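Written out below as structure tokens is the structure these notes cover.
The values are calculated or read from the model by the stated rules, or taken from the named source; none is laboratory data. As the structure is a computational prediction, the values presented were derived from the model and not from experiment. Neighbour counts are summed over all protein chains in view; Cβ atoms, including those assigned to glycine, are modelled from backbone coordinates with ideal geometry.
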Amino acid sequence: MYLIFDDVQDVARYTARQLYRVMARRPRAVLGLATGGTMEPVYAELLALLAQQPLELSGLSTFNLDEYVGLSPCHSQSYAYYMDQHLFRHLPLAAGQARVPNGIAADLAAESSGYSGAIAAAGGLDLQLLGVGSNGHIGFNEPGTPFDAGTHVVELSEQTRHDNARFFDAGEVVPCRAITMGLRDILQARELLFVATGRSKAPIMEAIHGSAPSEQIPATAIKTHARSCIVLDAAAAERLP
Ligand code: F6R
């Protein structure tokens, strides 16, 4: 299902309301979260909603999609830091309620399998929030990733490192590797909420729309899910028929 809104703010308001709905519906809700520029206005809207109508959050669990390998949670470009800045520090969450893969784990293979296991132990994801890279990645599942992969370490593509360089200071090097939930983890969520905004996402949205599910465009995996919703602003949707 596609929902197309006029602008980014309307997309953010709708997406935040969906997250709030899941959090309100179940005291032990489990959310899969994403980072990136697309999600910044979403978390701002979610915080505004929670300020207006607070929820009891002591049973909430969250799992982020991904993290750069080698960046500690204190690094300003780590996704743990991003989540802390944009959401977690503003909520009354206890240690362990909000998880981001540990990009500095000594044993990344154990961190990966433990992460998929922790999602399952929490009862599975009620809703997974997704953004999309210009090459069609979701999480950091780059083109060619099998749909049945669990959480794993990936080599980031040149395209992704180039796209994400905008967040790093001049002279800082974008990490080459990341740890990401796999497409299997994502597809096991009970609901998927896929969000893309801005003209730069129009070509990949056209490609996703026109393609059958294919490992070459990882985002097409969401077409195999029974409850997925694609939320776009007019700019991201401009090449859709
Ligand atoms: C981030 C993530 C990525 C981003 C994607 C789009 O946790 O999983 O797949 O959603 O790279 O990033 P932005 O929103 O910065 O265009």
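Every residue, every condition in (1) over 29 Å from Ala105 (Cα atoms); (2) not hydrophobic (A, V, I, L, M, F, W, C), yes or no:
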position: Ile179; (1), (2): no, no
position: Ile186; (1), (2): no, no
position: Arg190; (1), (2): no, yes
position: Pro213; (1), (2): yes, yes
position: Ile222; (1), (2): yes, no
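Every residue in the range 15-35 that is buried (at least 18 other Cβ atoms within 10 Å of the Cβ) and either touching a residue at least 60 places away in the same chain (Cβ under 8 Å) or within 16 Å of the ligand (Cβ to nearest atom) (or both), please. Across the range 15-35, the qualifying residues are Thr15, Ala16, Gln18, Leu19, Val22, Ala29, Val30, Leu31, Gly32, Leu33, Ala34, Thr35. Counting the residues of the range 59-89 that are touching a residue at least 60 places away in the same chain (Cβ under 8 Å) and among the hydroxyl-bearing types (Ser, Thr, Tyr) gives 2. Looking only at the range 208-227, filter to residues that are touching a strand residue (DSSP E or B) at 6+ places or on another chain (Cβ under 8 Å) and under 21 Å from Glu238 (Cβ atoms); which one of those is surrounded by the fewest Cβ atoms within 10 Å (Cβ to Cβ)? Restricting to residues being touching a strand residue (DSSP E or B) at 6+ places or on another chain (Cβ under 8 Å) and under 21 Å from Glu238 (Cβ atoms), the top hit is Ser211.
State yes or no: is Glu40 within 12 Å of the chain's Cα centre (by Cα) and at pLDDT 95 or above? Here the answer is yes, as Glu40 does meet what is asked. Here Ala221, Ala202, Ala207, Ala121 are screened, and the one residue that is over 18 Å from Tyr68 (Cα atoms) and either of a type in the set (Ser, Thr, Tyr) or touching a Gly at 6+ places or on another chain (Cβ under 8 Å) (or both) is Ala207.
Please enumerate the residues belonging to the range 158-173 that are surrounded by fewer than 17 Cβ atoms within 10 Å (Cβ to Cβ) and within 12 Å of the ligand (Cβ to nearest atom). Listed by number, the residues that qualify are Gln159, Arg161, His162, Ala165, Arg166, Phe167.
For the range 82-109, filtering for residues that are under 30 Å from Ala51 (Cα atoms), aliphatic (A, V, I, L, M) and surrounded by 13 or more Cβ atoms within 10 Å (Cβ to Cβ) leaves 6. One residue stands out among those in the range 110-157 that are of a type in the set (D, E, K, R) and crowded, with 19+ Cβ neighbours inside 10 Å: the one that is farthest from Ala29 (Cα to Cα), which is Glu142. Of the numbered criteria (1) surrounded by fewer than 16 Cβ atoms within 10 Å (Cβ to Cβ); (2) touching a residue at least 40 places away in the same chain (Cβ under 8 Å), the one Glu56 fails is (2).
Within the option set Thr145, Thr180, Thr151, Thr197, being of a type in the set (Ser, Thr, Tyr), at pLDDT 95 or above and in contact with a Pro (Cβ under 6 Å, 6 or more places away or on another chain) holds for one residue only, Thr145. I'd like the residue in the range 126-149 that is within 14 Å of the ligand (Cβ to nearest atom), assigned to a loop (DSSP other than H, G, I, E, B) and in contact with a helix residue (DSSP H, G or I) (Cβ under 6 Å, 6 or more places away or on another chain) and, out of all such residues, is farthest from Met205 (Cα to Cα). For the range 126-149, the residue satisfying everything is Thr145. When restricted to residues that are assigned to a helix (DSSP H, G or I) and either over 21 Å from Leu125 (Cβ atoms) or not hydroxyl-bearing (Ser, Thr, Tyr) (or both), the range 76-97 contains 9.
Whether a residue is of a type in the set (Asp, Glu), surrounded by 14 or more Cβ atoms within 10 Å (Cβ to Cβ), farther than 23 Å from Leu108 by Cβ and touching a helix residue (DSSP H, G or I) at 6+ places or on another chain (Cβ under 7 Å) was assessed, and Glu45 passes this test.
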